[in-house]
Amino acid sequence: MADHSLPQGSLFLGFDSSTQSLKATVLDANFNIVATEIVNFDSELPHYKTKDGVHRDQSVNGRIVSPTLMWVEALDLVLDRLKKSNLNFGKIAAISGSGQQHGSVFWKNGSDAILSSLDPKKPLLDQLGNAFSIKESPIWMDSSTTEQCKDIEKAVGGAMELSKLTGSRAHERFTGPQIRRIYQTQPEVYSSTERISLVSSFMASLLVGSYASIDHTDGAGMNLMDIKQRAWSKIALEATAPGLEAKLGKLAPAHSVAGPIASYFVERYNFDKNCLAVHWSGDNPNSLAGLTLNTPGDLAISLGTSDTVFGITAEHNPSLEGHVFPNPVDTEGYMVMLCYKNGSLTREDIRNRCADKSWEVFNKLLQLTPPLNGGKLGFYYKDHEILPPLPVGIHRYTLDGFKGNSLEGLKEHEVSDFDPPSEVRAVIEGQLLSMRAHAERFGMPSPPKRIIATGGASANNSILSEIASIFGSNVYTVQRPDSASLGAALRAAHGWLCNRKGSFLPISSMYMDKLENSSLNCKLAVAAGDKELVSKYALLMKKRMEFENTL
Ligand SMILES: O=C(CO)[C@@H](O)[C@H](O)CF
């Protein structure tokens, strides 16, 4: 039997560079968490003046960006904190990471020379201040590229053709439309850029001291990669901007090694010079790895700054909704995903407005209001929504006398507000009903065999109970809500093993015998809701979709 074991005593470091923070998780060879760190951008790097990790550019409709150097400084800070925690960097056999998907970094001409000659006596921040042709990176919350989406879809033969080719129709947040917008509106930036990275490959580039490849999985979030060939699509590249392939560099499988860690980190933090940097990938793909999602009937729900629903599948079935990415830990399979922009920030707004800015009060109100909310349905779009693609706005409807038995003969009204307790329930039920409806329409398992919840709000048992009632499935959680950095550490170990073996190794063969007693173990949090209630929610879901189609 091939040796799938990891050297005892070795450590694996995973990062998650997300919208609001940079997190780190260190796993030992038995996949137990031995160290974690976090830098919250707003509170710990206040000089960048971000709110929720971003800058909303009021001068351009829908433009949302993040300071690139903030991510650099956060990496300095997290590594310094891990050093102060006496983490033995010399034991770290491999590193990998997770980056918010679709975000882009524009490296100025000549920056590869800066990257390859970093001075270990200085922080990264002091040396990269002049490395980027734009100081603020477009990120996944941006919705300013509708025209560019139309251009790219038109050039390839339409939305469905683009979905067949790349795994998704064009989306405003996807990197291809973002690059096209910069090419069109800031041509001098585009011409002075020698490399365009995703957030994932950007952070990997820092670790290897040269431009790291974009991986096949995160690369599928760009509307630029042929998902079957796992290669750049010439027609999509040409529809985006001239000479783009040279600026993107080569793609690579997510499990492959980007390179040995750069000497900068060996000398500054005493990493072992043989420590391997495994390609980074997107945050949701890393969560899929961290949740050890390997059964097609399972569904993950991630409740974070974005809310996502994702699972695995053997085939790529093109659709106009949702996204298909190559599975980062299975070279044959795919990941399917739905994404919502109005996640935790929208829930926080309603907590602040209706529940005294307190989650305790929020949960109380959720518990005190009846399932089905007396037929009250709300759509809460603090930001331009991705699914469905709808502008900022709030819409509320009542179904008079709805008890869940029938929709016949009910009077429905659009109203201007709900009482605070009903508003709290409406924002939770509304998002979950939408997830169930779009997941079923996207061909995801219905009902799911298991739901594994992750992300900040997965620590809220009141919300988990609503998931169980609306989907009719048992809801599981993992030890910690930040499954993306956990998944990145797991992928670091996986990449290390594949590298030693010299070929791909199914990730499950690495952890199957250790799962039970490791930090990867999923535990039942809430049992499935009662079947009658699940079918009543199906009626309310049907009505919600009818209203959604009128917005
Ligand atoms: O746009 C998304 C996925 O398509 C979001 O989940 C981002 O990855 C969040 F960082």
Taking amide hydrogens as modeled 1.01 Å from N in the peptide plane, which residues meet the under 5 Å criterion relative to residue 454, leaving out close sequence neighbours?
301, 302, 303
I want to verify the translational diffusion coefficient of the chain in µm²/s; compute it with Stokes-Einstein, Rh as the Kirkwood radius over Cα pairs, at 25 °C and 0.890 mPa s.
104 µm²/s
By its C-alpha gyration tensor, with a ≥ b ≥ c as the square roots of the eigenvalues, how is the stretch 355-443 shaped: rounded for a/c under 1.5, else prolate for a/b larger than b/c, else oblate?
rounded
Before rounding to the nearest 500, sum -39500 (n - 2.57) across all DSSP H runs of length at least 4 in the chain and divide by the residue total; then give [θ] at 222 nm in deg cm²/dmol.
-10500 deg cm²/dmol
Principal axis lengths of the stretch 199-262 from Cα atoms, whole Å, largest first?
35, 23, 15
Order of 273-283, 371-381 by packing, highest average Cβ count within 10 Å first?
273-283, 371-381
Assigning unit charges at the beta carbon (Lys, Arg +1; Asp, Glu -1) and nothing else, what dipole magnitude in debye, to the nearest 20, does the chain show about its Cα centre?
340 debye
Options 276, 210, 254, ranked by Cα towards positive dipole end of the chain, top entry (Cβ charges)
276
What one gets for the stretch 409-551 as the Kirkwood radius, inverse of mean 1/r over different Cα pairs in Å, is 17.8 Å
dims of the stretch 123-263, Cα set, principal axes, largest to smallest, nearest Å -> 47, 33, 26
Residue 185 versus residue 349: modelled label distance in nm, points set 7 Å from Cα along the beta carbon direction:
2.1 nm
May I have the convex hull volume per residue, in Å³, for the Cα set of the stretch 1-155?
183 Å³
Where Lys and Arg each count +1 and Asp and Glu each count -1, what net charge lies around residue 472 among other residues with Cβ under 13 Å from its Cβ?
+1
The answer for the net charge of residues other than residue 296 whose Cβ lies under 14 angstrom from its Cβ, with Lys and Arg +1 and Asp and Glu -1, is -2
Everything considered on the Cα gyration tensor (a ≥ b ≥ c; rounded for a/c under 1.5, else prolate if a/b is larger than b/c, else oblate), the stretch 144-189 must be described as prolate
With point charges of +1 on the Cβ of Lys and Arg and -1 on the Cβ of Asp and Glu, referenced to the Cα centre of the stretch 477-551, which listed residue (493, 538, 511) lies farthest in the positive direction of the dipole?
493
Starting with the highest mean, order 182-189, 222-229 by the number of other Cβ atoms within 10 Å, averaged over the residues of each peptide.
222-229, 182-189
³J(HN,Hα) computed for each position of the stretch 92-104 - Karplus, 6.51 cos²θ - 1.76 cosθ + 1.60, integer Hz, glycine/proline x:
6, 7, 7, 10, 8, x, 10, x, 3, 6, 6, x, 9
If R0 = 22 Å, then residue 116 and residue 270, at their Cβ-Cβ distance, give a FRET efficiency to the nearest 0.05 of 0.60
How fast does the stretch 8-86 diffuse by Stokes-Einstein, in µm²/s, taking the Kirkwood radius from C-alpha pairs at 10 °C and 1.306 mPa s?
115 µm²/s
Over the Cα atoms of the stretch 228-273, what Rg and Dmax result, in angstrom?
16.4, 45
Once you have the Cα-Cα distance between residue 405 and residue 245, take 0.36 nm times their residue separation minus that, and quote the gain in nm to one decimal.
51.9 nm
Ranked highest first by the average count of other Cβ atoms within 10 Å around their residues, in what order do 307-313, 325-331, 346-352, 143-149 fall?
325-331, 307-313, 143-149, 346-352
Percent of beta bridges antiparallel (DSSP, the chain, rounded to nearest 5)
75 percent
Using every alpha carbon pair in the stretch 389-486, what percent of pairs falls into each 10 Å bin from 0 up to the bin containing the largest distance?
12, 36, 36, 13, 2, 0
Among 79, 472, 451, whose Cα lies farthest out toward the positive end of the dipole of the chain, if unit charges sit on the beta carbon of Lys, Arg (+1) and Asp, Glu (-1)?
79
Cα-centre dipole for the stretch 113-237 with unit charges at Cβ (Lys and Arg positive, Asp and Glu negative), debye to 20
220 debye
Treat every Asp and Glu Cβ in the stretch 282-358 as -1 and every Lys and Arg Cβ as +1, leave all other atoms uncharged, and give the resulting dipole magnitude about the Cα centre to the nearest 20 debye.
400 debye
Compactness index (Cα Rg / 2.2 N^0.38 Å), the stretch 96-152:
1.47
Environment charge at residue 57 (Cβ cut-off 11 Å; Lys +1, Arg +1, Asp -1, Glu -1)
0
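The numbers here are math on the coordinates, done by the rules we state, and not lab data. Bear in mind the structure is a predicted one, so any value in this text is a computation, not a measurement. Here the Cβ is made from the backbone with ideal geometry for all residues, glycine too, and neighbour counts use every protein chain on show.
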